[in-house]
Amino acid sequence: MNCLRNGGRRFLWRAVLTGLLLPAGLAVFCSQVPAQGRSGAGAGVSKGPKEKIQIDVDLVNVLFTARDKKGNLVPDLTRDRVRVFEDGRLQTITNFSRESDQPLAVVLLMDTSSSARASLKVQQEAAIDFFHNTIQRKRDQGLLMTFDSTVDVLQDFVDDPDRLSKAVKSVRIGGGTKMYDAIQLACQEKLAGLTAPRRILVLMGDGDDNMSYETLDSSIAIAQRSEVSIYTISTNNSGFFGMAQPKQDKILKRLAGSTGGRAYFPPKIDDLAMSFFRVSEELRSQYAVAYRSTNSSRDGAFRRIKINVKGKKVKLQYRKGYYAPSSVLSQK
């Protein structure tokens, strides 16, 4: 197992994502990650005497899911019905597509703290089914991470559900809970640098945290900067018995809602598999829109996104916004 606790790497990632590195360093980093609309307009990195990599900071990509009033997925939206706003200003859509066949990069993050002991076997079975239903060979990639008092990678990215399943079977229970630190490491060290158009984090746990350096707010910001959608599946015992929604479930709902994912609260532990199936189904029924932001400022500010659909009423889920690029001067 590969424990991911490296203070130096964490500082480097923080510096990159907050625009604290020098322009040359920032441009090199941006050339390695998928364009998310804020990777450096007009900037370039010389790889040789005549070759340059041009970076475009204005293109913003947003995934969204549409459901009707009964909660069913809506598969037939067209570009002319969709409108996108940034900080209240209407934007011009440059690209619109159905993302059912686009590659996925999925991190499954399992809570292996002592609270998961009683339901571990059911969780393992549900996770194995999820990998087999979701990861398609030669196209998608899956990764398994666990967290308790440490954060461990049990299987790095592969397109093989069998290898992922073998890793799931090796999961063992520990102590303590570093959920927020696990989210940070999954987003920054594993997902942010991939070229997959859709980067997904599926978190299975009770929403508790008692050891992390990161917080709820910083975890959400990290996911938003990394363009990662978080799906959460609660294993909180109170939810299985129909009790009032605990604080932890509210945390799981906020993690999902702020990043364009969805929170699931199975009524009993045996329903975990159905929650995973619904996540897999949704990932094959998404839309993608892209627009060139009308705001050219490089101030590093958070910009709010709103999507409307004309015609029949639908409920949309998408990330609530993104962080604008930062120039060195704007940091001073």
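Any read-out appearing in this document is the output of simple, stated calculations on the displayed coordinates, not a laboratory observation. Just so it is clear, the structure is predicted and the values come from calculations on it, not from any experiment. Don't worry about glycine lacking a Cβ; one is built from the backbone with ideal geometry, like all the others, and counts go over all protein chains shown.
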R139 and V314 label points (each 7 Å along its Cα→Cβ direction) are spaced in nm at 2.1
Per residue and in Å³, how big is the convex hull formed by the alpha-carbon atoms of segment 96-171? 100
Ranked on Cβ counts within 10 Å of their own Cβ, fewest leading, V106, V314 go V314, V106
Given K121/K313; K169/K320; K268/K312; K69/K250; K138/K250; K70/K190, the pairs whose alpha carbons are separated by over 32 Å: K121/K313; K169/K320; K268/K312; K138/K250; K70/K190
Which ³J(HN,Hα) values in Hz, rounded to whole numbers, follow from the phi angles of segment 83-92 under the Karplus curve 6.51 cos²θ - 1.76 cosθ + 1.60, where θ = phi - 60° and Gly and Pro get x? 10, 10, 10, 10, 6, x, 9, 5, 10, 8
Over the Cα atoms of segment 104-283, what Rg and Dmax result, in angstrom? 14.5, 44
Sorted by chain and number, the residues with a modelled amide H under 5 Å from that of Q286, at a separation of 5 or more or across chains, are E99, S100
Karplus-derived HN-Hα couplings along segment 203-218 (A = 6.51, B = -1.76, C = 1.60, θ = phi - 60°), whole Hz, x at Gly and Pro: 9, 10, x, 9, x, 8, 8, 9, 9, 6, 7, 6, 10, 4, 5, 5
Take every Cα-Cα distance within segment 271-325, group them into 5 Å bins from 0 onward, and report for each bin the whole-number percent of pairs it holds. 4, 12, 18, 18, 16, 13, 11, 5, 2, 0
Which residues' amide hydrogens lie under 5 Å from the amide hydrogen of T177, considering only partners 5 or more residues apart or on another chain, with H built in the peptide plane? N210, M211
Take D111, D160 and order them by how many other Cβ atoms sit within 10 Å, fewest up front. D160, D111
Using the Karplus curve 6.51 cos²θ - 1.76 cosθ + 1.60 with θ = phi - 60°, what ³J(HN,Hα) values do you get for each residue of segment 193-200, in whole Hz, with x for Gly and Pro? x, 7, 8, 4, x, 10, 10, 10
Just rank Y323, Y231, fewest to most, by other beta-carbon atoms within 10 angstrom. Y323, Y231
Scoring segment 104-283 by relative contact order with C-alpha pairs under 8 Å, at least six apart, yields a percentage of 23
Amide H partners (placed H, <5 Å) of S113, local residues excluded: G174
